[in-house]
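Written below as structure tokens is the structure these notes are about.
Just so you know, all these numbers are worked out from the coordinates, no wet-lab data involved. Keep in mind the model is a prediction, meaning the values are calculated, not measured. Because the Cβ atoms are built from the backbone with ideal geometry, glycine has one as well, and the counts that use them run over all protein chains shown.
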């Protein structure tokens, strides 16, 4: 019976194992292979050593990703908390409104911000009419970070909301009965209990932010590069797959370290709650 159950489990899991091999393991293998070979297929460290000239681009990408992630967390936390405190019908409506922009194509959302921020856009047209004049907003770092925040904010709100909606309200009421004010309740009860949602949201926002390239190209106007721009250029224009793979490998390692740190941070946070 146990053997039949084991065989059945393997058969059920086989499609997922095949999917993992084809779309996770195999692509990672090719990234590693191209990272340490040249165009002739010979083993080399040249691609890795050449990454030193992209140090500023890496740091800029990380900095922009961190800023966008922090802004998303600051905006998303109260929004998720407010949604979680409403009735069930209101929660469904508000969650649908949060997800509504995600139903629109990513490119269209980015182009919309181009129309809003450009010198002849909606904001500057209004500013000119009231006599303030044109403010340079497009093709700036601020525009890129704004685009990241707008596009990835739902990925911060939804995991936070999913955790906060499941919080035991009796625990919050007990903290209030014990003399805790609102700030104490948030800092000592709600915040620790919502750590899993925070960690998920940070990961889901930081990863696409640090690797994005379309937002920086359209809202940044090519005035500066992010690491995603460099990778895209190596594959689409220079056709230097080996260098592009090595940059992708470093970015992959960076993301894995970030996820490991957040997982450890979340585990420690859960321990403090207990």
With R₀ set to 30 angstrom, the calculated FRET efficiency between the beta-carbons of residue 106 and residue 177, to the nearest 0.05, is 0.05
Could you work out how much longer the chain between residue 20 and residue 85 gets when fully extended? Use 0.36 nm per residue separation minus the Cα distance between them, nm to one decimal.
19.5 nm
Full-extension gain in nm, residue 260 to residue 93, via 0.36 nm per residue minus C-alpha separation
56.7 nm
At 7 Å along Cα-to-Cβ for each site, give me the label-to-label distance between residue 39 and residue 63 in nm.
3.4 nm
With n ≥ 4 as the cut-off for DSSP H runs, can you work out [θ] at 222 nm for the chain, using -39500 (n - 2.57) per run divided by the number of residues, rounded to the nearest 500?
-23500 deg cm²/dmol
Distance in nm between label sites at residue 135 and residue 32, each 7 Å beyond Cα in the beta-carbon direction?
5.0 nm
Using the Cα gyration tensor of the chain, with a ≥ b ≥ c the square roots of its eigenvalues, what is the shape: rounded (a/c below 1.5), prolate (a/b larger than b/c) or oblate (neither)?
oblate
Under a plain spin-label model, where a point goes 7 Å from the Cα along Cα-to-Cβ, how far apart in nm are residue 11 and residue 236?
4.6 nm
By how many nm would the segment from residue 125 to residue 50 lengthen if fully extended, with 0.36 nm per residue of separation less the alpha-carbon distance?
22.5 nm
Counting pairs of alpha carbon atoms under 8 Å apart in space and at least six apart in sequence, what relative contact order in percent does the chain give?
27 percent
